[in-house]
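Structure first, commentary second.
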Amino acid sequence: MTTTTPAAEVDVPKLGELLVRNAKSDRDRTAAQALAEEETLLAHDGVRTALVVKQDGRMTAVWDRLMGRLYTLSLDDQQRAFLGLVLSMVGIGHVSLTAVESLDERRLLILQRAILRLAGNDQATVGARR
């Protein structure tokens with residue numbers, strides 16, 4: 001059985017941890033980790049309603065549901081760009097890498113770490129050049 005999560009019951013950090021833990025693949029786990037780190041998107045009621053379902057007693061992300069609602073969620077340009085790039089990590093949607101131009105430094109660093117995880121190299125340092 002699949003049900004959506006009621007907005008009033010959501011603890012965003014805990015939800016992020018659950019989505020990461022219950023991810024079905026490395027791509028799903030990396031995308032869920034990026035959303036958990038970013039936090040504001042999981043706090044958005046529309047994003048949670050579109051993304052998060054309870055299946056077999058476990059909270060999980062259904063990425064294609066979110067893609068279908070991406071442009072109806074009242075997100076700002078940065079949030080939409082970040083979310084589009086995260087969806088690209090799981091193979092949904094076609095977002096140009098030029099979308100990073102819309103991101104603030106915090107979201108850009110989150111995506112950089114996610115890309116390194118996808119590449120299997122979470123040892124590389126992400127930070128400012130000197």
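The values are calculated or read from the model by the stated rules, or taken from the named source; none is laboratory data. The structure displayed is predicted, hence computed values, not measured ones. We place every Cβ from the backbone using ideal geometry, glycine too, and count neighbours over all the protein chains shown.
Remarks
- Among all residues of segment 75-91, there is none that is more than 22 Å from residue 45 (Cβ to Cβ) and over 13 Å from the mean Cα position of the chain (by Cα).
- Within the set 30, 49, 3, 60, the sole residue that is modelled with pLDDT under 90 and either assigned to a helix (DSSP H, G or I) or β-branched (Val, Ile, Thr) (or both) turns out to be 3.
- Across segment 65-111, the number of residues qualifying as out of contact with any helix residue (DSSP H, G or I) (no Cβ under 7 Å at 6 or more places or on another chain), assigned to a helix (DSSP H, G or I) and surrounded by fewer than 15 Cβ atoms within 10 Å (Cβ to Cβ) comes to 7.
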